[in-house]
Amino acid sequence: MNKIFVIARREYMAMVATKTFLVTLFMMPILMFGGLILIPTLSKMTGGQKRSITIVDGTGKLGETLKIAAGARNEALAQNKKASEAESRDPTNAEDIFELEIVDASTLNDEKRLEWSDNIRNGKLYAFVEIPADLFSTESQSTTKFVSQDSAISAARMWLEAVIDPIVRQEKAKTLGLDPKLVQLATAPVRLAPTMPYERSTASAADGGGITAKEKKFDMSTFFAPFGMMMLMFLVIFLAAQPMLESAMEEKSQRIAEVLLGSVTPSQLMTGKLLGNVGASLLVFTLYGVGAYFMLVRQEMTHLVPLNLVPWFIVFQILGVLFFSSIFMAIGASVRELKEAQSLLLPVWLVMMLPMMVWFVAVRDPLGPVSVTLSLFPPSAPMMNILRMGTGTTIPLWQPVLGAILLGVATAGVIWMAGRVYRTSLLRNDSVKSLTQFIQRIASPTPR
């Protein structure tokens with residue numbers, strides 16, 4: 001047992017006390033999550049631009065109203081920015097400033113349209129808007145046009161729609177002799193509030209009364225939080241399993257294994273390496289977990305990650321690391337060069353990436369057949385179970401428990417098979433060329 005712990009300590013130090021590990025530890029989150037962090041940052045850097053918009057008001061009634069509304073909006077944005085600076089925090093918005101110029105509709109013709117379009121293309125003008133003269137008519141079929149290079153996704157277009165639409169509705173109601181307020185009440189949209197299932201409140205549980213239900217607001221953070229937890233699991237498993245492949249190939253190609261096996265058995269060597277690997281994976285999880293938690297605290301988003309998920313994460317992480325590390329170690333012991341391992345690694349990578357291919361479906365329907373099946377399938381169980389539980393949906397307890405049991409049994413079987421390959425391949429000079437040869441190594445007699 002002492003030899004196993006010596007090997008485990010040596011493997012742990014060999015993994016974490018290297019520049020490669022430190023660089024990978026730093027770069028992997030940037031590569032995986034950099035886009036989620038970079039996009040808001042770039043939005044703040046590129047936002048706040050002055051957008052010059054020309055309004056051609058055919059009605060003669062909307063132009064000044066829009067100009068006043070744009071001025072009020074710009075003033076509100078400036079006040080919010082000052083408040084953020086006074087509180088020494090980053091501004092939460094980076095919205096553009098809209099500068100509106102009202103133009104007489106009688107000057108509009110095709111030549112003007114081309115001139116303004118050229119100005120849009122060379123950056124002198126952001127957009128121009130054509131408001132038809134009969135916009136307030138109840139029989140109008142005319143279209144109000146917003147012309148810009150990004151017209152389909154323009155925030156300015158959406159803001160103008162939100163301002164113009166209620167004004168036109170009210171004017172049309174007056175034309176028809178209807179009370180605008182009553183029309184607004186009658187046409188108000190019906191909202192279905194997304195609400196979590198009811199549960200008995202703890203304050204009134206003793207007297208048997210009182211139930212509560214929380215409204216679940218949808219935003220991009222709640223949608224991508226489960227994906228982030230799944231990616232954290234992937235990072236931990238990847239950073240732990242990949243070095244096992246390289247370590248086994250190095251020991252085989254440089255004949256280090258012959259020296260090691262002079263003092264320990266292949267089983268002791270493999271067990272020690274796996275234990276050291278699990279220790280290193282727990283270090284990676286601690287570093288990433290603490291860093292992610294402090295980032296969530298700073299952003300006031302700790303509600304996105306339930307703390308009761310941490311024990312499940314550790315359980316599935318340990319089993320997942322043992323499962324994939326054993327496979328990578330067996331493949332590393334079977335080949336002499338990395339390019340020879342590629343054909344064997346392909347099916348392993350496909351299985352590891354499977355939860356990422358269906359994460360969107362799993363987040364939308366955590367209790368669906370695809371999600372449940374993959375959470376019970378051992379290779380995908382670590383990431384899929386964490387993804388499902390991270391959605392906040394109540395998952396039946398038997399499903400993660402059964403997933404952990406099946407993964408544990410599969411891990412034991414994989415370790416046993418990897419042990420056979422490890423013992424039969426480590427001292428051989430040849431390399432496995434195909435998956436069929438790899439399976440034959442598992443079935444071949446174990447050397448004594």
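The values are calculated or read from the model by the stated rules, or taken from the named source; none is laboratory data. Note that the structure is a prediction, hence the values are computed from the model and not measured. Because the Cβ atoms are built from the backbone with ideal geometry, glycine has one as well, and the counts that use them run over all protein chains shown.
Total residues in the stretch 102-135 satisfying the condition of being of a type outside the set (Lys, Arg) and either at positive phi or in a loop (DSSP other than H, G, I, E, B) (or both): the figure is 10. When residue 348 is tested against (1) more than 19 Å from the chain's Cα centre (by Cα); (2) at pLDDT 90 or above; (3) more than 22 Å from residue 289 (Cα to Cα), only condition (2) is not met.
Assess whether residue 402 counts as being over 20 Å from residue 237 (Cα atoms) and at pLDDT 90 or above. The answer is yes for residue 402. Cβ-Cβ distances below 9 Å connect the following pairs, each with a first residue in the stretch 175-193 that is closer than 22 Å to residue 135 by Cβ and among the polar types (S, T, N, Q), a second residue that is part of a helix (DSSP H, G or I) and modelled with pLDDT of 75 or more, and a separation of six or more residues or different chains: 184/166; 184/169; 184/170; 184/173; 187/169. Scanning the stretch 97-146 for residues that are more than 13 Å from residue 51 (Cβ to Cβ) and among the hydrophobic types (A, V, I, L, M, F, W, C) gives 102, 103, 105, 108, 114, 116, 131, 133, 135, 136. Listed by first and then second residue, the pairs linking a residue in the stretch 1-17 that is within 17 Å of residue 283 (Cβ to Cβ) to a residue that is modelled with pLDDT under 70, with Cβ atoms under 8 Å apart and 6 or more places separating them unless they lie on different chains, are 15/21. Look at the stretch 145-170: where a residue is part of a helix (DSSP H, G or I) and a partner is among the hydroxyl-bearing types (Ser, Thr, Tyr), sitting 6+ places away or on another chain with Cβ atoms under 8 Å, you get 156/126; 156/148; 157/148; 157/151; 163/65; 164/144; 167/65; 169/187.
Yes/no per residue for (1) within 20 Å of residue 308 (Cβ to Cβ); (2) charged (D, E, K, R):
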position	(1), (2)
352	no, no
355	no, no
364	no, yes
367	yes, no
374	no, no
397	yes, no
419	no, no
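Only helices (runs of 4 or more DSSP H) whose full extent lies in the stretch 327-406 are considered here, and the ones with at least 3 residues that are polar (S, T, N, Q), at negative phi and free of Cβ contacts under 8 Å to residues at least 40 places away in the same chain are 369-376.
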